[in-house]
Structures are given as structure tokens and as C-alpha cells.
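The values are calculated or read from the model by the stated rules, or taken from the named source; none is laboratory data. Model, not experiment: these values are computed from the prediction. Here the Cβ is made from the backbone with ideal geometry for all residues, glycine too, and neighbour counts use every protein chain on show. Only protein heavy atoms, including side chains, enter the accessible area calculation; ligands, DNA and RNA are left aside. Shrake-Rupley method; radii C 1.70, N 1.55, O 1.52, S 1.80 Å.
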Amino acid sequence: MAPRAQVSEVSPARRTAFAVLRRVFEDGAYADRAFRSESASLDDRDRALARRLAYGSVQRVRTLDHAIEELGRRPVRKLDPPVRAALRLGAYQLAFLDGVPRYAAVNESVELVRGAGLERAVSFANAVLRRLADGARVLCEALPEHTAKEAALRHSYPDWVAETWWRELGPEEARALMVAQNDEPETAVRLVRGTITGSEDPLIPGAWVVDRVDEQALAEGRIWPQSRGSQLVGHAVGAREGERTLDLCAAPGGKATMLAGEVVAVEVDEARAAQLEKSARRLGASNVRVVHADARELPSELHGFDRALVDAPCSGLGVLDSRPDLRWRAEPLPELQGELLRAAIERVRPGGTVVYSTCTVNAAENEEIVDQAVGEGLVELDASLGDEWPSFRRRSRPELLQTLPHVHGTSGFFVARLTRP
């Protein structure tokens, strides 16, 4: 990507959001990492606005491109990358944000094009942005959502995601889930020790919803940023003192550091394993031993565990609100998930338990993985999990848990508890 000139007429928040958009769609960067580096010099107010602009524009890009093409009458793919990014940023403000002055969204987006050295495209960008100012909101609000494909365009999702939810949840719930995952996610933490200001979850011990993460408390290991859905998984493991638990996909460590007894936390990525060790020390989780290894090829001495947790890599369809670019990268991983579950079962003693979880809402990565292992006689389903956490039962399968953003207000986690015969 070519160097970008600084534009004094553009606010720091819009300049930062523009840079993030370019890095995501031109360089393939992850939105959260790009935002972290681009926003380092911003104050809290500008950082909050920049995050909303950047994340919202990335999430809504399919709908935004439709509006740009309809009103600008030119295919988005044929635009110069800086022009495309500026139009997307402007269109998001004009179509989806309230309280943003029209002149600011239009003029500053035009200045971003000028600052990128594309003077020849300035008049075009200005004309398209003025058309967007007049019609983008009405156009987007009028988009139909009677079918999965229509809803995918209106709410900006890949067709396959909308079709999956349409099939598994039904049209009404699928639409509600799409809406929920375009909203700002709640900020949740796990209280490790001490006190905190916020709202304590009445059902999940130690889970709090807060206005912001207290950086000092985080540095001192008194809290850990972790969604309520993720914390539910840790509790479902049921680890106790005197037991040995294997966590096969442990980084970044939120669940591993919740577990009692002796914990072996496995992570295949060396850098993430090192970070996991630091996090465990910070949180005072001296019972956690980190092993850098592929969970499917563990050392032979790691066997006979009382419990195991497989929080498997997945498509992430339950965390799309907090990872704005993930919907455009997501893919199901059933083969890997099945291999990881089998690896965990092999390492657990007879009578031991395995918790299988994902942060997705997709039966092919959830129920079907569990049912296959049960069907092969490798494990038995522990139906008591649903009785322990009735508020989070999977509606069609009450022995399983499924948190849903539009129902529970937290990330979408699937949880099953299995017993080795």
C-alpha cells in the first residue's frame, strides 16, 4: 500500500479509521491489530469515535458497497483503493450513524481522497458523497430481508452465514442475530480478586459488565477481559482441587486460568504460548503449566487427565461484533475440530470428562462434531450440563448449551460436556 499523506482538515478519528480500512482491505490486516497501532496516539474520545467508524465500516462494507454502486453508478472494484476507502467511510457515517454532521462526513472524506494524492478523483468523490448524503440512509433502510440472501445484503454478511442461521434458527431469529452482531459488544471482565465497579452477572459467578476495562486493575491481575459466554465455558468444565485438567487450545488463557487443580495448558503457536505464560503469572494462576505443542501430537506422558477442555478453533460466528473483519474471513473447521476432540478423549482417563466448546453458531462445527464422537462410541453425552445452566440451554437440544448475542447479550458460545466410558 502506498504511503499516505497527512491531512490537517481531517479529524484524527476519521484519519485513523481511514488508515484502518485501507490496511484491512488492501493489506489483509486484522482490524483489531490495525486499529491498535493506528490509534496509539489518540485520546480516549477520538479513539472511541475512530473505533466505531473503523469497525462499523468494516462490518457494513457489503451494504456500503451496494449503496455506493447504486448512487455512484460505478463498480466499487474499479475505484482506486483510497477512493474506495474514503467512500466507504463516508457512506457508513451517512447511512448508519446519528448525530454526525453531513458536511463533516462529506467534506472530510473528500479531503482523505485529496490527501492520498488523488486530486483527479476529488470531484468524483465529492459528487458521490453528496448523493450518498441525500440517499444512502433511505436506500439501506429500504433493503428487503424476506430471504436469507436479502438479509445478508441488508445486514452485511456473506450469503453462507445468513443461510446457515436461516436454516438453523429460522428467519426471525436469524435476522435478530444479524442485527445484534452489528451492534457494539458489551465490555465484560472476569473479577479475579478485589472489587470492581460495574454490573455483576446474576448467573455466571465472577462475570461483570463494565463501562470500560480498568487498565490498572488489568495490569495488576485483578481482572481479565473475557466475555460472559467465554466464562460460562470455564465454569462448565467443573475442575476441582486435586484433579488434573488438560486445556488443549488454551491461549489467550481466560478459561485455563479459571480452572482449579493442576492445569496443563497447550498452545501450538509459540508467541501465544509465551503470552499465555505471562498472563497466568499476572493472574496468579500458579497451577497452570503451559506446553507449547500441537494438541494432536502431545508428549506421551500427558495422559490420564480427569478433565479436558477443547475450546476449538472455529468460524467465530458468535463473536462477529467484536471482530469486525472476521465475517469476511470466516470458514468452518469441522475436520480440525473432530481431530482435536479425539485427541482430548484419548488423554482423559475412563470416567473422565471432556468439555467441547466453540465461539460459533453453526451446527456443523458444534452439534455434528459432538454427535459424531458419541455415535462412534468414544464418549457419552452428559445431559446434566443443561440442568446446571438452564438459562443457556440449546433450545432444540437442552442437554447442550448455546449462548446467543441477541438473546443473552454476550458472545455466541456452544458448550457440550462428554464422559469417556
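Before moving on, here are some points about what is shown:
- Every pair of residues 6+ apart whose Cβ atoms lie under 9 Å, when the first sits in segment 210-238 and is in a loop (DSSP other than H, G, I, E, B) while the second is buried (at least 16 other Cβ atoms within 10 Å of the Cβ) and among the acidic types (Asp, Glu): 222/214; 227/186
- Taken together, the residues in segment 181-192 that are under 14 Å from the mean Cα position of the chain (by Cα) and either over 10 Å from residue 155 (Cα atoms) or acidic (Asp, Glu) (or both) amount to 6.
- Across segment 352-388, the number of residues qualifying as open to solvent by less than 60 Å² (accessible area, probe 1.4 Å) and over 19 Å from residue 308 (Cα atoms) comes to 5.
- Residue in segment 325-347 that is assigned to a strand (DSSP E or B), open to solvent by 10 Å² or more (accessible area, probe 1.4 Å), over 30 Å from residue 167 (Cβ atoms) and among the basic types (Lys, Arg) present: no
- Checked against the criteria, residue 179 does not count as over 26 Å from residue 327 (Cα atoms) and open to solvent by 30 Å² or more (accessible area, probe 1.4 Å).
- Screening segment 367-387 for residues that are farther than 19 Å from residue 348 by Cβ and touching a residue at least 12 places away in the same chain (Cβ under 8 Å) and picking the one that is nearest to the chain's Cα centre (by Cα) gives 367.
- Members of segment 117-129 that are open to solvent by 10 Å² or more (accessible area, probe 1.4 Å) and out of contact with any Asp or Glu (no Cβ under 8 Å at 6 or more places or on another chain): 117, 119, 120, 122, 123, 124, 126, 127
- Filter result for residue 205 (under 30 Å from residue 349 (Cα atoms), modelled with pLDDT of 95 or more and open to solvent by 10 Å² or more (accessible area, probe 1.4 Å)): yes
- The number of residues in segment 98-156 being touching a residue at least 40 places away in the same chain (Cβ under 8 Å), assigned to a loop (DSSP other than H, G, I, E, B) and either over 30 Å from residue 166 (Cβ atoms) or of a type in the set (Phe, Trp, Tyr) (or both) comes to 2.
- Residues (in a loop (DSSP other than H, G, I, E, B) and more than 19 Å from residue 347 (Cβ to Cβ)) located in segment 244-262: 252, 253, 254
- Some residue of segment 153-163 being out of contact with any Pro (no Cβ under 8 Å at 6 or more places or on another chain), surrounded by fewer than 18 Cβ atoms within 10 Å (Cβ to Cβ) and either aromatic (Phe, Trp, Tyr) or under 18 Å from residue 24 (Cβ atoms) (or both): yes
- Candidates 274, 265, filtered to the one that is surrounded by fewer than 17 Cβ atoms within 10 Å (Cβ to Cβ) and not in a loop (DSSP other than H, G, I, E, B): 274
- Residue in segment 279-289 that is touching a Phe, Trp or Tyr at 6+ places or on another chain (Cβ under 6 Å), under 30 Å from residue 216 (Cβ atoms) and of a type outside the set (A, V, I, L, M, F, W, C) present: no
- Test: residue in segment 313-324 that is farther than 27 Å from residue 400 by Cβ and within 23 Å of the chain's Cα centre (by Cα): yes
- Of all residues in segment 410-421 being more than 16 Å from residue 362 (Cβ to Cβ) and open to solvent by less than 40 Å² (accessible area, probe 1.4 Å), the one that is farthest from the chain's Cα centre (by Cα): 419
- Residues (among the small types (Gly, Ala, Ser) and within 13 Å of residue 187 (Cα to Cα)) located in segment 200-235: 207, 227, 229, 230
- Considering residues of segment 389-406 that are in contact (Cβ under 8 Å) with a residue 40 or more places away in the chain and part of a helix (DSSP H, G or I) only, the residue farthest from residue 355 (Cα to Cα): 406
- Pair list, Cβ under 7 Å, 6 or more apart: segment 75-91 residue closer than 21 Å to residue 134 by Cα, other residue open to solvent by less than 30 Å² (accessible area, probe 1.4 Å) and not in a helix (DSSP H, G or I): 83/118
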